[in-house]
Every structure is written in structure tokens, then in C-alpha cells.
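The values are calculated or read from the model by the stated rules, or taken from the named source; none is laboratory data. Nothing here was measured: the structure is a model prediction, and the numbers come from that model. With ideal geometry, Cβ positions are generated from the backbone for all residues, glycine too; neighbour counts draw on all protein chains shown.
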Amino acid sequence: MLHLESSFRGRNSFWFYLLMVVIVFIAINTIGGIPVYIYLSNQIASDPGSIDNITVGNYNFGPYGLEINLFPFIVGLFTILVFMKPIHQRSYKTVINGGRTFRWGHFLKSYLIWLSISALYLFVSLKLYPDNFRVNNLSVTLVRLIVVSLLVIPFQAAFEEVLVRGYFMQGFSVLTRNRWAPLIITSIIFALMHGFNPEVEAYGFFTAMPQYLLFGLVFGIMTLLGDGVEASTGAHAANNAFLCVMVTNKDAALQTPAVFEQTTVYPWTEFGFMVVMSVLALCIMSKIFKWDWSLLKSRVSVTSGETCYNEN
């Protein structure tokens, strides 16, 4: 195992982790906001009266909304990778998979597995609840949406996976020396990171949070058993891309002209489906990647972490 063990290399004081979080936060809210500033400046220049809507947060980014909303995640991802060496004195690769080359096979297989299960889930939902879906978009605009979703959403998913299942999970493994505590703690952090999503406001905190917590646990297990974030990033990217292209609802975090619109969302029914999907995905991936589930009980070795990768 390399992913968590590599975190014992370099500098691991709490203050270095705090410094990284501050730098990422600043980068996301400055560089990451540049497209927003440009778009809104052009909008105000062409229609000075639109400033009244902008001041109350009624932002309309038009056809570029998805790219503008996702750009801060790209900035956040590259900020972590760029500052790993100067802050923690270890390679940026360690926060991905312990120092190895990115395993595209893990990413792509996980992506296709989750995408296939999501398609099956939508098919079943359309059969069971046909009146709860309406065709929303079958125009040529779907081509652009598909391209953007395939190219940009993986970066958004990678940022969250590298930050939570890579960086934070490694930090908590240094503190606890085991795998279960980082899994649970980072799953809670992942859920809370989505606490300001519109779904939470629409359905209530304690109704929306279980689904985010479930995803956090599932992606965390993929990271631990897969010894890196490639599989979890693939599944995460597939989940978000599928929703952007295929099905949306009025409370979705990313509003897109998807193929279908779900007229009414039943959160606990959705949660039940998500549990089935997650178990199925983990079973299939476990078979394909030959995961050893007993690894979850093993301690994180400080000794192996000192020699587990070559710095480059």
C-alpha cells in the first residue's frame, strides 16, 4: 500500500495543512472567480440595469454557466498539486496515489462502471415513475453539453477527490495511524462541504446530508482499497457528468439543459436507490480490481511510508 503511507514523508505539522487550505481558498476565490468577473463586467457594460439583479445574487451566466461554475475547481486542483512540494516537501503524485504515475485504467473502468449503473438506474426510474419525468432537451445544444461534461467535470471531481480522499485522508492517517478514522472523518467533511448546495435548502439538512455522506463513504472505500484516488475520481466524474447531461431538477446544484427533467424529487427514495447503486458498483469494482477488503483493518505503516516511493 502506498497512498496513505506516503503521507509520512515530508512535513506534516498541522500548520502546513492549514497553510495549504488557506492558499487553496484564496486561489479559488481570486483566480477561480476571474471568469465570473469577466462575464458580469461584460453583462453590465452591455446592460447597465442588470447590476440590480447582480447585487442580489441573481447571476445568469447564459450558455457558459457550467464552465464558469466549474472553473474554480480546476484552479483548486492545480493549486494543491503545485504547492504540495513547497509546503509538504513531497511529490504532488503522493496525494493522488502514493507517488506513482496516474493509473488511467482505474479511472476509466470506474467511470464506465458508474456510468452504466447510473444509466440502468435512470431506465428503471423512467419505467417505475414515467409521470415524474419530462423530456427537457433534445436539441443540438446537447452536443456542447456532452463535450463540456466529458472534458471539464473530471477536473471538478478530481479536485474534490484529491482534496478530501487524497490530502485530508492522508493528513488524518498521520494522526490516527489507521484507515477507518480517516474514512469516516473525510466522509463527514465531504458531506459538510456540500452543505450550501441548493438540495440542502430545498429538502432540509438532515434529509440531504445522508446521500452526501453515503457518497463520501463509498468514494473513500474506493480510495482505500484502490490505493489511490483514480477509481473514486472516475466514479465521481461519471456521476456528475451523467446528471448534467441526462437528468436535472429545479434544485440541482448544477443547472444544465439535460435530456430529462425530474419534476418531483423524493430524497429518501433516491437515497435507497443510491445505496443499491453503491453496493453494486463496489462489488463490480472489487471483482475487476481484485480488491482485498482485509486491508481496511490494517494499520497505516510509518516505516513503509518512509520508503514507499521515489521522489521526483
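Observations on the structure shown:
- Selection of the stretch 60-75 for residues being in contact with an Asp or Glu (Cβ under 9 Å, 6 or more places away or on another chain) and assigned to a helix (DSSP H, G or I) yields only F73.
- The stretch 123-161: number of residues that are basic (K, R) and loosely packed, with under 12 Cβ neighbours inside 10 Å: 2
- Restricting the stretch 4-33 to residues that are within 22 Å of the chain's Cα centre (by Cα) and either outside any helix (DSSP H, G or I) or without any contact (Cβ under 8 Å) to a residue 40 or more places away in the chain (or both), the residue that is farthest from T94 (Cα to Cα): G33
- Residue under evaluation G305, criteria (1) of a type outside the set (A, V, I, L, M); (2) buried (at least 21 other Cβ atoms within 10 Å of the Cβ); (3) modelled with pLDDT of 95 or more, criterion not met: (3)
- Residues that are of a type in the set (F, W, Y), crowded, with 17+ Cβ neighbours inside 10 Å and modelled with pLDDT under 90, drawn from the stretch 1-39: Y39
- For V164, the criteria (1) of a type outside the set (S, T, Y); (2) in contact (Cβ under 8 Å) with a residue 60 or more places away in the chain; (3) in a helix (DSSP H, G or I); (4) crowded, with 19+ Cβ neighbours inside 10 Å hold in every case but one, which is (2).
- Any hit, the stretch 228-243, residues being out of contact with any Ser or Thr (no Cβ under 9 Å at 6 or more places or on another chain) and farther than 24 Å from V152 by Cα: no
- Test set (1) under 21 Å from V95 (Cα atoms); (2) within 13 Å of the chain's Cα centre (by Cα); (3) buried (at least 24 other Cβ atoms within 10 Å of the Cβ) - L217 fails condition number: (3)
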